[in-house]
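Written out below as structure tokens is the structure these notes cover.
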Protein chains: 2
Amino acid sequence: MSRPTPKIVKATATPILISDPPLLNVLGVHQPYTPRCIVELETDSGATGVGETYGDTDYLTVANALASAVVGRPLTALNGLRELAHESADLSTDTVQEFDPAGLRGSRTNEKRLRSVVSAFEVASLDALGKTLGLPVHALLGGKVRDRVEYSGYLFYRWAEHPTDDAPRDDWGAALDPDGVVRQAQRFSDDYGFSSFKLKGGVFEPEQEIAAIAALGKAFPGRPLRLDPNGGWSISTSLRVAEELGELLEYLEDPTTGINGMAEVRARTGHLLATNMCVTTFAEIPEAFAKDAVQVVLSDHHYWGGLQATRDLAAICRAYGVALSMHSNTHLGVSLAAMTHVASVVENLEYACDSHRPWQTEDVITRPHTFVDGALDVPDDPGLGVELDRDAVAALHDRWIRLGVRDRDDVAAMRKADPTWTQPSLPRW
Amino acid sequence: MSRPTPKIVKATATPILISDPPLLNVLGVHQPYTPRCIVELETDSGATGVGETYGDTDYLTVANALASAVVGRPLTALNGLRELAHESADLSTDTVQEFDPAGLRGSRTNEKRLRSVVSAFEVASLDALGKTLGLPVHALLGGKVRDRVEYSGYLFYRWAEHPTDDAPRDDWGAALDPDGVVRQAQRFSDDYGFSSFKLKGGVFEPEQEIAAIAALGKAFPGRPLRLDPNGGWSISTSLRVAEELGELLEYLEDPTTGINGMAEVRARTGHLLATNMCVTTFAEIPEAFAKDAVQVVLSDHHYWGGLQATRDLAAICRAYGVALSMHSNTHLGVSLAAMTHVASVVENLEYACDSHRPWQTEDVITRPHTFVDGALDVPDDPGLGVELDRDAVAALHDRWIRLGVRDRDDVAAMRKADPTWTQPSLPRW
């Protein structure tokens, strides 16, 4: 049975603003609204596909260029997308920001921008291809090896509300001490059944965060715990925290910045170190693995350039005996579906995945996911198994137009509450 | 458009014997007939798919077990095939042969047997899936990044004919000295347009093989040349050959055995070393790359466990700055199609691929491939783009039954000509 390979006839990259709670991190606080980009593809047979990625200005520029460039190409031409993005985007200068204010993902480079945008187009292509063929995305990636994907409850220090009047509200209340963190974890456990927890740290003095993890350990004995200060600690502080928390932690995430710092912490503590900062590109892998700087790489299909690239990363980790978990930044249901599909096909994804999703009260799909027992079933419906809610996209795009927020900037958001706040230089402690 | 995922309803592993010329190598000579295994799958929608792999007894045992085990499974469940093969095959003991007499692929282990068999089932699955969906295999692997795949002319020292009466004949004549090698290369160039050549060495004293490469360099100035003695040389011999041939060689393939030996040759010559012996599994990669033992890995989808696994290998090589070429053992058109598809999707496959195919006068596909300008066009027909010739398979299977040859054994074949011949211990020189 032969038929022409489906071709892309239309591609759009739509910036949206989604509401975000006042979640605290080493740089500052999440803004009331954060930009995302929704990529939609349409094929000559009328199938559509959707992907999601960062919506900040410099990602959007690449996304718009790639949206023009993919029109007319075969839907199956995934391997050439990175090159096409490179050719179509105007990236004559590589403006490296040493520390990405929008994602705590280490430095921000052209390569990272390209790959993050490519990921959304690859996911949208796989979604459309799956719908065209009647196959779920996981089947296009060699087939799922598990039927459900476990997620971890992603705990944040947070204020009860943003310090600005026009900001969205929620009913989670503040979490600014160990009791608040435990209360938050209890609700995560009650509502979604998460059985492991990650606390975003780097917000308070290490002693306070150690106390929070200890309180979690007491409240939820035996449940895996993680702490992630986003490189906020010096090596000596990292050593101290690792020693104090010891076996309570499943792994310690980015205690300090840089391959050498991580390697020293590892060598002197023997603790499992995870990262989504010091290894976020293929180029960083050889040195980091050679120095044993990381034992768990937090994959992220946005970072690495798509679902196939995530498989590539997994293959490297498998060969080198480095474990794999999954990172999350603020995202909606389209990315959560993509995360679930790729997590289902990677045999060596041994840890529960992170997801910010519970913090997002909005979505752009008609039937938002619900975590049950801390997990999501891997969808067997064609494509990603989600249906785009175009009214929701239109409304959130309208908000993007109206509010004029163009970039995520956790430092600026913190300045609204504390006018003296400047971007912290790391290590903070 | 939803439809049930195709399921496998029938799977067969058919051993065949194919005629093979008296090609010489470090161990001895190819037998008149060598076993291959043709894997056929049939789905509940009536689609069929074909794969090809080694047909020696211990591969066949695994293949038969896997053929039973895949029935009833989704056609798309590729990622679980290795595990399924492991479960279904009786591999309670790992009989490691230090040196594989049937393929010059380093040691023979259970893992290698498993992966070689899995590769044929994965290829057959992709073929059937492609035919079901109306897509070429390359489109199921993320899409081709090139429209044609270049192959290298694979030169062998050889006798004019096998020393046994009942053996197949051909009209290539002997090639046992530099003139003979150049004549062979000329015919390869004239008939198929190959613009690079690889000489299988390790057959004669190194001086003679150096002379053959020098003669090729003179006859075909500027064309890339390779020499592969299959680990037949000591380190000091390797150093001497590397020095004498210098820039004539595109790369030197497995001059000596083992990671440490290869690393020493590399360190002392700076020459590019390729391998299909010291790195043939993922487990061997970290040490070999850390020691800079190989600069070009010869991928082989049979070795590594399929087309997806070849992509995995390519990803690792890309991240570590190690180049990729492609190895070939005696094979027919089914494997050549699979090689061409996977070579078309791997961006960093920078060298012309090896293929024994011109030496095989038989095939199991209705329209055997023809190299044009040393290359094959990447097929855009559904699946592999080949049609199985079931009459040919039946005839070659009948030969397998009649002749009773069950295993490739180049040492035993040489003994037919030289009763005193025993398996050479390496290094020979």
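The values are calculated or read from the model by the stated rules, or taken from the named source; none is laboratory data. In this text, all values refer to a predicted model and were calculated from it rather than measured experimentally. Because the Cβ atoms are built from the backbone with ideal geometry, glycine has one as well, and the counts that use them run over all protein chains shown. Each accessible area value is taken on the protein alone, full model and side chains, heavy atoms only, with ligands, DNA and RNA left out. Shrake-Rupley method; radii C 1.70, N 1.55, O 1.52, S 1.80 Å.
Key figures
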quantity	calculated
For region A:138-377, share of DSSP beta bridges that run antiparallel, in % to the nearest 5	20
Nearest-ten-degree value, helix B:110-133 long axis tilted from longest Cα axis of chain B	50
Positive minus negative residues near A:G374 (Lys, Arg vs Asp, Glu; Cβ under 15 Å)	-1
Qualifying trypsin sites (Lys or Arg not before Pro) in region A:271-346, DSSP loop, other Cβ atoms within 10 Å at most 13	none
Within region B:253-341, GluC sites (Glu not before Pro) in DSSP loop having at most 15 other beta-carbon neighbours inside 10 Å	none
Gain in span if fully extended, A:T164 to A:V372, counting 0.36 nm per residue against the direct Cα distance	71.5 nm
Region A:261-303 and region A:40-74: distance between their alpha carbon centers, rounded to Å	32
Whole-number accessible area per residue in Å² for chain B, which is evaluated in the context of all protein chains at 1.4 Å	34
For a label point 7 Å along the Cα-to-beta-carbon line of A:D44, residues of region B:361-380 with backbone N under 17 Å	B:380
Dipole magnitude of region A:138-377 about its Cα centre (Cβ charges: Lys, Arg +1; Asp, Glu -1), debye to nearest 20	560
Per-pair calculated FRET efficiency, R0 = 25 Å: B:A267 and B:E207 via Cβ, rounded to 0.05	0.55
Projected label distance in nm at B:E83 and A:D380, using a 7 Å step from Cα toward the beta-carbon	1.7
Spin-label model distance (nm) - A:T422 vs A:A290, 7 Å beyond Cα toward Cβ	3.7
Dipole in debye (nearest 20) - the protein assembly as shown, about Cα centre, beta carbon charges: Lys, Arg +1; Asp, Glu -1	300
GNM flexibility winner over chain B from B:D165, B:D391, B:D381 (Cα, springs under 10 Å)	B:D165
Region B:138-377, accessible surface, carbon-and-sulfur percent (1.4 angstrom probe)	47
Complex-versus-alone comparison for region B:305-351, residues with a loss of 10 Å² or more in accessible area, probe 1.4 Å	B:Q308, B:R311, B:D312, B:A315, B:I316, B:R318, B:A319, B:Y320, B:E347
Members of region A:130-155 that become less accessible by 50 Å² or more once partner protein chains are added (1.4 angstrom probe, chain alone as reference)	A:L133, A:L135, A:G142
7 Å along Cα→Cβ, label-point gaps from B:P168 to other copies, nm, shortest first	6.8
Rounded to 5, percent antiparallel among DSSP beta bridges of the protein assembly as shown	55
Contact surface A-B: accessible area buried, both sides summed, square angstrom, 1.4 angstrom probe	2900
For A:R148, inter-copy label distances in nm, listed shortest first [label point 7 Å out on the Cα-Cβ vector]	5.4
Estimated [θ] at 222 nm from DSSP helical runs (n ≥ 4, -39500 (n - 2.57)) normalised by residues in chain B, nearest 500	-11500 deg cm²/dmol
Distance between modelled label sites at B:R402 and B:T61, nm, 7 Å Cα→Cβ extension	2.9
Over 27 Å (Cα to Cα) - which of A:K144/B:K291; B:K200/B:K416; A:K144/B:K112; A:K131/B:K112 fall in this group	A:K144/B:K291; A:K131/B:K112
Sparse-neighbour loop sites [trypsin sites (Lys or Arg not before Pro); region A:116-182; at most 13 other C-beta within 10 Å; DSSP]	A:R169
Helix B:206-219 vs. chain B, principal-axis angle (Cα, 0 to 90°, nearest 10)	80
Helix axis angle, B:307-320 relative to chain B longest principal axis, alpha carbon, degrees	50
Residues of type aspartates and glutamates that B:K7 reaches as a straight line, Cα spacing below 13 Å, ignoring anything fewer than 8 places off in the same chain	B:E42, B:D44
